[in-house]
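Report on the structure given below.
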Amino acid sequence: MTALLEVDDLTVGFERDGTRSAAVRGVSFEVAAGERVGIVGESGSGKSVTAQAVMRLLPLSAEVGGAVRFAGDDVLGYDAKRLAGWRGSDIAMVFQDPMSSLNPLLRIGTQLTEGLRRHRGLSKPAAREEAARLLRTVGIADAERRLRDYPHSFSGGMRQRVCIAIAAACTPKLIIADEPTTALDVTVQAQVLDLMDELTDRHGTATVLISHDLGVVSSFCDRILIMYAGRVVEAGPADDIIARPAHPYTRALLDSIPRLHGELPRRLPAIPGSPPFGTVPADRCSFADRCPRVQDVCRTNDPALEPTATGRPAACFFPLDSVPVEVR
Amino acid sequence: MSRFLLRRLPQALIVLFGVVTLAFLMTHVVPGDPARLIAGPNASAATVASIHHELGLDRSLGYQYWTYLRQAVQGDLGTSYALQGTSVASAIGHALPVSAAVAVLGVLWEVLLGVPIGIIAAYRPRGLLDRATTFGSLIGLSAPPFWLGLLLLYALAYKSSVFPLSGYSNPYINYLILPSFTLGLGGAAWYARLTRTNMLEALRSPYVQTARAKGMPESVILLRHCLRNVLSPLLTMLGMDLGYFLGGVVVIESVFGLPGVGKLTFDAIGTLDIPMITGAVLFAALFIVVMNLLVDLAYAAIDPRVRR
Ligand code: SF4
């Protein structure tokens, strides 16, 4: 059986003022029907760009290479009509900032029903009824009346619930959630995740959850990809990665998960430095400058994503659990 | 919505009162004696004094002001000095439809030319049309309207008589097209640029991403999702433009020989026709205030966040 989503050697480059920068450098992964896959990395790791490339939401100026297949179909080859028919009905997306991802000048009802009418061919009253039902499903009381409200009268958490309702409206086979809880209050984050958990579970919806927070992703997902500087540096089942990380970067991400509840830092305190920006040199490990295990070879060769002693692939010459940490 | 109106109306009244006072003071404080202008250069001092008395100019400024206010509230703006026996209100009333037609048509030109061009330019940034718009708006914005008007008159009325050269008679629209176009062209360029900027911003906004991810075709995204967000900031400008146009109309009406409020004011200034000048200024202020009120209402109708 073919996977629901196949991403094969995806590359995304942007050209700005004559200089070309690679945001995604050869990313491959699969998502099976009903599966939950997490993509974890700092901002700038290419995780969001990967998601946007899959949804074909990147600006025309972006150069996209490789292949994206959905149920065997070549997504990158879709024409505008096919694309519009696919988005919203087979695949949907939840964005990071619920404050700006709803149109401020349109009623919630309009924003909810337009997809239902388009993809499911519902009549106006039927779509309204369905929209109200969806709002109730995501835990919004007094749904009929709230359909007439504009986004500004909803709180951030409520808006994200509306966004989730919009994404789930036509029961897509796959929902991509790009940092869906990052912009929310900590107390609301868990509720929104629970809601996504419940909804995707009920309909067997496959989910790609993108986050900088390994803790959030590991509790939600079956499988995890760790991305760094436009590449997957480690991949495998969530439990294994948490228990026995192979890549030094994964290790650092794990160390930076705050043990106490509190504001989650965006820049990870446990990893000094920042990810490479713009052009990434191809002849060295992109993590070398920040890596505690760095050796000379790391600065002259680029490690490929290969199986390690942990049984999972990682892009590192000296993965953990295989070579004892060198004392420098 | 009515609460919104209730808050705005007193503001509008205060503005109007301020404008009347200012206009009254300005026309009465400036040097120059209207009585002498009416009487002619050879009139005796006694004649001038009797005209003074007739016009009530020998009373104190305070009394004159109070009388003016009292009558203005009742819609009586006095009698013209220059056009004997004509009431200011009726003179303005006759000239108003002409000016209003020019101003409204001018705004129409702005919107009908500017907005579509701006949208197309936004969809093809740095394309030919985009560059042409930038260039055109530079000309449109920097060319003085009377120069543009004369140029158009020369080409389309004098050289080839597509349009009449001057005046105002039936069919009126023929006499209005060139003046309103002249008035609106600069603004159209400006609107095109503003629409382009707003449109580019809207197209990049997260809510458009959401709409795309929902599977909305580009036409729906443009018409349902973007246009409102693009047009609502334009509305404010529209109201200001109508006011501004009423000012610009003075020049345009003179160039095209249209018997509107602008020409009336222009002539009144030439003859120191104080009631006419004050009346025209008051009327212009009223026009701007009403326009802004209407725009605010329209704004509130489009953008729910303003209503509170
Ligand atoms: S290859 Fe070297 S520098 Fe890169 S992560 Fe592994 S040990 Fe660190």
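Each value in this text was obtained by applying a stated rule to the coordinates, not by laboratory testing. Here the structure is a predicted model, which is why all the values come from computation and not from measurement. Counting neighbours? That spans all protein chains shown, and the Cβs are built from the backbone with ideal geometry, glycine included.
If you plug the beta carbon distance of B:ASN42 and B:PHE266 into 1/(1 + (r/R0)^6) with R0 = 25 Å, you get a FRET efficiency near 0.40.
Any chance you could check the Cα centroid distance between the range A:95-125 and the range A:2-80 for me, in angstrom? If we compute the Cα centre of each part, the gap is 25 Å. Please work out whether the range B:60-211 counts as rounded, prolate or oblate from its C-alpha gyration tensor, where a ≥ b ≥ c are the square roots of the eigenvalues and a/c under 1.5 means rounded, while otherwise a/b larger than b/c means prolate and anything else oblate? Because a/c hits 1.5 or more and a/b fails to exceed b/c, the range B:60-211 counts as oblate. A simple spin-label model places the labels of A:SER28 and B:VAL30 8.3 nm from each other, with each point 7 Å out along Cα-to-Cβ. Build a GNM of chain A with springs between Cα atoms under 10 Å apart, and of A:PHE154, A:PHE95, A:PHE220 the one that fluctuates most is A:PHE154. Could you pull out which residues in the range B:1-45 have an amide N less than 18 Å from a spot 7 Å beyond the Cα of B:ASP58, following the Cα-Cβ vector? Counting only backbone N, you get B:33-40, B:43-45.
By the Cβ rule of 4.7 Å, chain A holds the following cysteines without a possible disulfide partner: A:CYS163, A:CYS170, A:CYS221, A:CYS291, A:CYS316.
Report, in whole Å, the centroid distance computed from the Cα atoms of the range B:93-140 and the range B:60-90. The range B:93-140 and the range B:60-90 have Cα centres spaced 39 Å from each other. Summarising the label geometry, the points placed 7 Å from Cα in the beta-carbon direction at A:GLU144 and B:TYR65 lie 6.1 nm from one another. Calculated FRET efficiency, A:ASP9 to B:THR134, Cβ-Cβ distance, R0 = 35 Å: about 0.30 to the nearest 0.05. Taking GluC sites (Glu not before Pro) as exposed when DSSP calls them loop and at most 11 other C-beta atoms lie within 10 angstrom, chain A has its longest site-free stretch at A:1-262.
Extension gain for the segment A:ASP289 to A:SER219, taken as residue separation times 0.36 nm less the Cα-Cα distance, is 22.2 nm to one decimal.
Need the C-alpha centroid separation for the range B:257-308 versus the range A:232-247, integer Å. Here the two parts' Cα centres lie 71 Å apart.
Per-residue 3J(HN,Hα) values for the range B:114-130, derived from phi via the Karplus relation 6.51 cos²θ - 1.76 cosθ + 1.60 with θ = phi - 60°, read x, 5, x, 4, x, 5, 4, 4, 5, 6, 10, x, 6, x, 4, 5, 4 Hz in sequence order (x marks Gly and Pro).
Between A:LEU214, A:LEU60, A:LEU134, the residue with the greatest mean-square fluctuation in the GNM of chain A (Cα pairs under 10 Å linked by springs) is A:LEU60. Computed from phi, the 3J(HN,Hα) profile of the range B:170-176 under the Karplus parametrisation 6.51, -1.76, 1.60 (θ = phi - 60°) reads 6, x, 4, 4, 4, 7, 9 Hz, with x in place of Gly and Pro.
Note that the range A:181-189 has calculated 3J(HN,Hα) couplings of 10, 4, 7, 9, 4, 4, 5, 7, 3 Hz, one per residue in order, obtained from phi through the Karplus relation 6.51 cos²θ - 1.76 cosθ + 1.60 (θ = phi - 60°); glycine and proline are x.
The helix-based estimate of mean residue ellipticity at 222 nm for chain A, built from -39,500 (n - 2.57) per DSSP H run of four or more residues and divided by its residue count, is -9000 deg cm²/dmol to the nearest 500. Close amide H pairs (under 5 Å, H built 1.01 Å from N) link A:VAL94 with A:ILE176, A:ALA177, A:ASP178, residues at least 5 positions away or on another chain.
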